[in-house]
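A short write-up of the structure that comes next.
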Amino acid sequence: MGNEFENLLNEKKKEILSAWEDTILGKFEKDAFIIFKQQKDQFANPIGHKVRTGLEELFNVLSESSNREVRTPNLEELIKLRAVQDISASNAVSFVFQLKDIVRKELQIKDMTNYYKDWLAFEARIDAAALAVFDMYMASREQLHKVRYTELQAGRDIITKGGCPSALMRQEQNKKA
Amino acid sequence: MAIPKAEELGVNVAREPSLMTGAIPKKEWMDNPVEFKEGNFCYPAKQSIVEYHKFPNPREWSPTDDDWKLPDGWEDIILNGLKERLDKFRSLKVFMDICVRCGACADKCHFFLGTGDPKNMPVLRAELLRSVYRNDFTTAGKLLGKLAGGRPMTVAVLKEWFMYSYQCTECRRCSVFCPYGIDTAEVTIILRELLHLVGVGTNWILEPAANSNRTGNHMGLQPHTLKDNAGYLMDDIEDITGIRINPSWNRKGAEVLFITPSADVFAEPGIYTFMGYMLLFEHIGLDYTLSTYASEGGNFGLFTNNELMKKLNAKMYAEAKRLGVKWILGGECGHMWRVLHQYMDTMNGPADFLEVPKSPITNTVFENAASTKMVHISEFTADLIKNNKLKLDPMRNAHRTPTWHDSCNPARAMGLLDEPRYILDHVVPKWYEMPENTIREKTFCCGSGTGLNTGEIMELRMRSGLPRANAVKHVEEKFGVNTLSCVCAIDRATLTALVDYWTPNVSVTGLSELVGNALIMDGEKERETDLRFAPLEGMEG
C-alpha cells in the first residue's frame, strides 16, 4: 500500500471507526446501543470501551503497510468478549470483513479506482487479519473450556451431586488404604 | 450459513439475531418472547429435591420444552401468591407503585452492562412483574390493560420471569442509584418466590438448600467429615508454622460461636481463609467453638423464599442457645450478612438469650450488633489491630499485590467498607484500589451470586462479571495487581473462574488468609511459604 492511500485512510479514520463500531454495537437493542455508543467512561461501559479500543488497534495495524502483529492487547480483549457472547463463531469474527464495505463507502469510488492496487493490498490485509482474529477467537474459546474444566475439578459441583460427600470421602480413604 | 449475493456483501456475511438473550430483535419488549437454549439457563431442580422441600409441582422438566408441565390453574396460583405478598410486604407494594421510570438504574446493572440485554436494565426487570401487577391489581390496568402498561399473566410472561429473575444476582447496585430507593433485589426475590409456587426453580439453589436443611451445610457434610477436613487443614498449618491447632467443635459454654460458609472447610481457595481464622483465634487465645450443626453461613433460602430463609437461618440462634455462648462471630460470607443484617432479627429474633458482643481481648463493645448479637470477622479483626493485639509481618504477603473487591452484601447490605481496608493496610506491604465507580457502595458484583455460580451458564457468567473483571484488568495493568481479595465465599469461588478468563495472572484470596500469612505466632518456626505452600519472597530458592 502506498503512502497516499494510507493518508486517505487516516484522514477518514474517525468516520471509518465510528461506522465500524456501529456494525458491532448495532446488534444490540436501541436502548443498549445508545448507552454503549455514548458512554465514554470505560468502567461504566466496558463493552463499548472494548469495542472502541479493540477496533482502533486493528485499524491501525491494517492501515499501515508494515507487517505488524494482528494480536494486540485491546483487540484481544474485544475477541475475548466476542468469545463469550451468545453468537456463532462466524458472526463473532465477521466484523473484520465489514471494514471493506465501510472503507469503500468512506473513500468513495473515485479514490477506489485511482488506488485500485492499494485497495487490493488493503483487502488482502483484511483477509489475513480475519484469519488471525479467528485464531484469537479459538484461543479464547479454548481458555474458556479450561476455566470450565478447572472449576469442575475444584469439586464445587459436589453440592448438587445428590450423594453424601462424607461417604465419598470414606470411599476415597478406603481406596488409599 | 448461506453464501450471500454480491449486492448483499456490503451488509454482513453472517446474519445473526440480536444480542438480546435468545430473543428476536426490534420489537416492543412485551412482544419479544424469550428463547431458552443450552447455556442461557440454570438447570431446573430435580424432582426428588423439590419433593424433599415439599414444594409444589415436583416433576422432571426442562426450560427448553414448550410445555413446562405447570399445574392446573397456575395463573390463579401466581396471582393469589402476588396478592398475598402485596398484603404481606409493604415494600413490594411501594416498589410496584413508585417507580417513575427515570432511568437512573438503567445502565448500572452488571448484567445489563455485560449482556446489553435491555430486559436486564433493573427498571425493565421490575417491569416484568409490574406489568402483571398493573393488569390485575390497579384500576387503570384493569380498565385499560396494555394502554396502562399492563399485561395478563401468560406462559410467555412466566418464562420471561424465569429467564430474568435468574439473570439478577440481587446485588442491589441499582438501588444505590434509585432516587426512590427501590430495592430491585426484592423484586427478584418475589419473582423467584412466585415461580416456586408452580414448581419452577433451579437445582443449583434447591439442592444445596436441601443439604443445608439435612446436615446443616450446603455441601451435605456430616459432623465427622467437617471435623476431619478441618483436621487436614490443621496438618497444613503445622507443616507451615510448626504450630498445632486443635479447633474446638460443639463445645458448650464457649464464649463465642463461630459460623462460616462450609466452603471454607472444603473448597479452594476458602480453605486458606479457614486456616487464617484458626491462626487468628489461636493467636489471641479466643474462647470459641465451631458447630457441626450450624456449619453453614450461607443461606440459599434467600434465593428461594422467605420461609426457607427463615428456616435455614434459625439454626444459628438455636445452636447459639444450645451451646450457651455469649455471642456469635461470623466468617467471610456474602449473603449471610444480608440475611443477618436485614432479616434475621425480624425472622428469628430477638436473641435476648445472647449478650451484646464484647471482644474479650480488647473489651470493645460492638454496639452495631446489639440487636443481632453477631459480629463480622473483619470488624473483629480490625478492632484487634486498632488495639495493637496482633503481631503482624506484612512482608510475608510481599509476593501479593492485592486490590480490594467489596463483596456486594457486606458492602451494600451492612456497610462493611472501611474495616477490610484497614486490615489490608496492616497485613500487606501495598495494595491498590480499583476505580471509584467500581468500589465501596458502587461495587460491581462478581456476576454469579444468588445461586448463579453454576457451570452450565459459564459464558453468561463471564459476561455478567465483565464490569468487575474490567476494573481488575485496569489495576493489573496500572499497578501490577496480582491478587483480588474479598470477604465472600461465593465471590472466592466465582471470581476465581472470572479472573481465570479475563485476567489469568490474578488470583483470588480471602482477607483472613492474608491475615493468617502475616500473623507472627508464638513459638512458630521460620515461615518459608504462605498458607498455600507458595514460597515467601526471598525464600524462592
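The values are calculated or read from the model by the stated rules, or taken from the named source; none is laboratory data. If you're wondering where the values come from, they're calculated on a predicted model, not measured in any experiment. Note that we place each Cβ from the backbone using ideal geometry, even for glycine, and neighbour counts take in every protein chain shown.
From the list A:Glu11, A:Glu6, which one is away from every other protein chain (no Cβ under 14 Å) and either crowded, with 19+ Cβ neighbours inside 10 Å or touching an Asp or Glu at 6+ places or on another chain (Cβ under 7 Å) (or both)?
Values: A:Glu11 fails: either crowded, with 19+ Cβ neighbours inside 10 Å or touching an Asp or Glu at 6+ places or on another chain (Cβ under 7 Å) (or both).
Going through A:Glu11, A:Glu6 in turn, just one is away from every other protein chain (no Cβ under 14 Å) and either crowded, with 19+ Cβ neighbours inside 10 Å or touching an Asp or Glu at 6+ places or on another chain (Cβ under 7 Å) (or both): A:Glu6.
One residue is enough: does the range A:52-75 have a residue meeting the conditions buried (at least 18 other Cβ atoms within 10 Å of the Cβ), in contact (Cβ under 8 Å) with a residue 60 or more places away in the chain and over 21 Å from A:Leu120 (Cβ atoms)?
yes
Going through the range A:43-60 one residue at a time, which ones are away from chain B (no Cβ under 11 Å) and either farther than 15 Å from A:Lys14 by Cα or of a type in the set (Asp, Glu) (or both)?
Of the range A:43-60, the ones away from chain B (no Cβ under 11 Å) are A:52-60.
Passing the criteria: A:Glu56, A:Glu57.
Being in contact with a helix residue (DSSP H, G or I) (Cβ under 7 Å, 6 or more places away or on another chain), outside any helix (DSSP H, G or I) and more than 21 Å from A:Phe97 (Cβ to Cβ) is the requirement here; does A:Phe36 meet it? Talk me through it step by step, then tell me what you get.
Working: in contact with a helix residue (DSSP H, G or I) (Cβ under 7 Å, 6 or more places away or on another chain): yes; outside any helix (DSSP H, G or I): no; more than 21 Å from A:Phe97 (Cβ to Cβ): yes.
Here the answer is no, as A:Phe36 does not meet what is asked.
Just the residues that are within 22 Å of B:Arg172 (Cα to Cα), of a type in the set (A, V, I, L, M, F, W, C), in contact (Cβ under 8 Å) with a residue 60 or more places away in the chain and more than 9 Å from chain A (Cβ to nearest Cβ), please, taken from the range B:192-209.
B:Leu194, B:Ile205
I need a count of the residues in the range B:439-452 that are surrounded by fewer than 22 Cβ atoms within 10 Å (Cβ to Cβ) and either under 25 Å from B:Gly276 (Cα atoms) or within 14 Å of chain A (Cβ to nearest Cβ) (or both). Lay out the reasoning, then the answer.
From the range B:439-452, those surrounded by fewer than 22 Cβ atoms within 10 Å (Cβ to Cβ) are B:439-442; that's our starting set.
Remaining after also requiring either under 25 Å from B:Gly276 (Cα atoms) or within 14 Å of chain A (Cβ to nearest Cβ) (or both): B:439-440, B:442.
The total comes to 3.
Collect the residues in the range B:149-174 that are small (Gly, Ala, Ser) and surrounded by fewer than 21 Cβ atoms within 10 Å (Cβ to Cβ), keeping them in residue-number order. Don't jump to the end; show me each part of the working.
Keep residues of the range B:149-174 that are small (Gly, Ala, Ser), which gives B:149-150, B:156, B:165.
Scanning the range B:149-174 gives B:Gly149, B:Ala156.
A quick yes/no check of all residues on (1) buried (at least 17 other Cβ atoms within 10 Å of the Cβ); (2) at the interface with chain A (Cβ under 10 Å from one of its Cβ atoms); (3) in contact with a Phe, Trp or Tyr (Cβ under 7 Å, 6 or more places away or on another chain); (4) at pLDDT 95 or above:
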{"site": "B:Pro25", "(1), (2), (3), (4)": "no, yes, no, no"}
{"site": "B:Asp31", "(1), (2), (3), (4)": "no, no, no, no"}
{"site": "B:Ala45", "(1), (2), (3), (4)": "yes, yes, no, yes"}
{"site": "B:Phe55", "(1), (2), (3), (4)": "yes, no, no, yes"}
{"site": "B:Pro58", "(1), (2), (3), (4)": "yes, no, no, yes"}
{"site": "B:Thr64", "(1), (2), (3), (4)": "no, no, yes, yes"}
{"site": "B:Trp68", "(1), (2), (3), (4)": "yes, no, yes, yes"}
{"site": "B:Gly73", "(1), (2), (3), (4)": "no, no, no, yes"}
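What do you reckon, is B:Gly116 crowded, with 22+ Cβ neighbours inside 10 Å and within 14 Å of chain A (Cβ to nearest Cβ)? It would help to see each step written out before you state the result.
Working: crowded, with 22+ Cβ neighbours inside 10 Å: yes; within 14 Å of chain A (Cβ to nearest Cβ): yes.
Yes, satisfied.
Quick grid of which residues meet (1) within 14 Å of chain A (Cβ to nearest Cβ); (2) surrounded by 19 or more Cβ atoms within 10 Å (Cβ to Cβ); (3) over 20 Å from B:Ile377 (Cβ atoms):
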{"residue": "B:Asn229", "(1), (2), (3)": "yes, yes, no"}
{"residue": "B:Asp235", "(1), (2), (3)": "no, no, yes"}
{"residue": "B:Ser248", "(1), (2), (3)": "no, no, no"}
{"residue": "B:Asp264", "(1), (2), (3)": "yes, yes, no"}
{"residue": "B:Glu268", "(1), (2), (3)": "yes, no, no"}
{"residue": "B:Leu280", "(1), (2), (3)": "no, yes, no"}
{"residue": "B:Phe300", "(1), (2), (3)": "yes, yes, yes"}
{"residue": "B:Asn306", "(1), (2), (3)": "no, no, yes"}
{"residue": "B:Lys315", "(1), (2), (3)": "no, yes, no"}
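One line per residue, one yes/no per condition, for (1) of a type outside the set (Lys, Arg); (2) in the same structural domain as B:Ala267 (by TED's automatic domain parsing); (3) touching a residue at least 40 places away in the same chain (Cβ under 8 Å):
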residue	(1), (2), (3)
B:Val176	yes, no, yes
B:Pro179	yes, no, yes
B:Ile190	yes, no, yes
B:Asn211	yes, yes, no
B:Met234	yes, yes, yes
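Looking at the range B:319-426, what strands (runs of 3 or more DSSP E) fall wholly within it and have at least 2 residues that are out of contact with any Ser or Thr (no Cβ under 8 Å at 6 or more places or on another chain) and over 30 Å from B:Glu477 (Cβ atoms)?
B:327-330, B:374-376
State all residues of the range B:87-105 that are surrounded by 17 or more Cβ atoms within 10 Å (Cβ to Cβ) and in a helix (DSSP H, G or I); if no residue qualifies, say none.
B:Leu92, B:Phe95, B:Met96
Take A:Ala154 and decide whether it is away from chain B (no Cβ under 11 Å), among the small types (Gly, Ala, Ser) and either farther than 13 Å from A:Ala92 by Cα or surrounded by 16 or more Cβ atoms within 10 Å (Cβ to Cβ) (or both). Show your work before the answer.
Values: away from chain B (no Cβ under 11 Å): no; among the small types (Gly, Ala, Ser): yes; either farther than 13 Å from A:Ala92 by Cα or surrounded by 16 or more Cβ atoms within 10 Å (Cβ to Cβ) (or both): yes.
The answer is no for A:Ala154.
Restricting attention to the range B:360-378, and to residues there that are without any contact (Cβ under 8 Å) to a residue 40 or more places away in the chain and aliphatic (A, V, I, L, M), which single residue is surrounded by the fewest Cβ atoms within 10 Å (Cβ to Cβ)?
Looking at the filtered set, the residue picked out is B:Ala370.
Does B:Ser507 qualify as being more than 21 Å from B:Cys109 (Cα to Cα), within 13 Å of chain A (Cβ to nearest Cβ) and in contact (Cβ under 8 Å) with a residue 24 or more places away in the chain?
Working: more than 21 Å from B:Cys109 (Cα to Cα): yes; within 13 Å of chain A (Cβ to nearest Cβ): yes; in contact (Cβ under 8 Å) with a residue 24 or more places away in the chain: yes.
Answer is yes for this residue.
Consider the range B:323-359. How many of its residues are over 10 Å from B:Lys373 (Cα atoms) and without any contact (Cβ under 8 Å) to a residue 12 or more places away in the chain?
1
Scan the range B:307-339 for residues that are of a type in the set (Asp, Glu) and under 28 Å from B:Tyr272 (Cα atoms) and report the count. Quick ask: steps written out before the conclusion?
The first filter runs over the range B:307-339 and keeps only residues of a type in the set (Asp, Glu), leaving B:307, B:319, B:332.
Among the residues that remain, those that are also under 28 Å from B:Tyr272 (Cα atoms) are: B:319, B:332.
Final tally of qualifying residues: 2.
Take the range B:427-438 and flag every residue that is part of a helix (DSSP H, G or I) and either surrounded by fewer than 16 Cβ atoms within 10 Å (Cβ to Cβ) or not assigned by TED's automatic domain parsing to the domain that holds B:Glu379 (or both). Outline the logic, then answer.
Our first condition is that a residue be part of a helix (DSSP H, G or I); within the range B:427-438, this holds for B:427, B:436-438.
Within the range B:427-438, B:Glu436, B:Asn437 meet the criteria.
What's the total number of residues in the range B:325-358 that are of a type in the set (Ser, Thr, Tyr) and farther than 29 Å from B:Cys446 by Cβ?
Kept after step one, since they are of a type in the set (Ser, Thr, Tyr), are these residues of the range B:325-358: B:343, B:346.
Pick out the ones that are also farther than 29 Å from B:Cys446 by Cβ and you get none.
Residues that pass the stated criteria total 0.
Of all residues in the range B:81-100, how many are touching a helix residue (DSSP H, G or I) at 6+ places or on another chain (Cβ under 6 Å) and either within 14 Å of chain A (Cβ to nearest Cβ) or among the basic types (Lys, Arg) (or both)?
2
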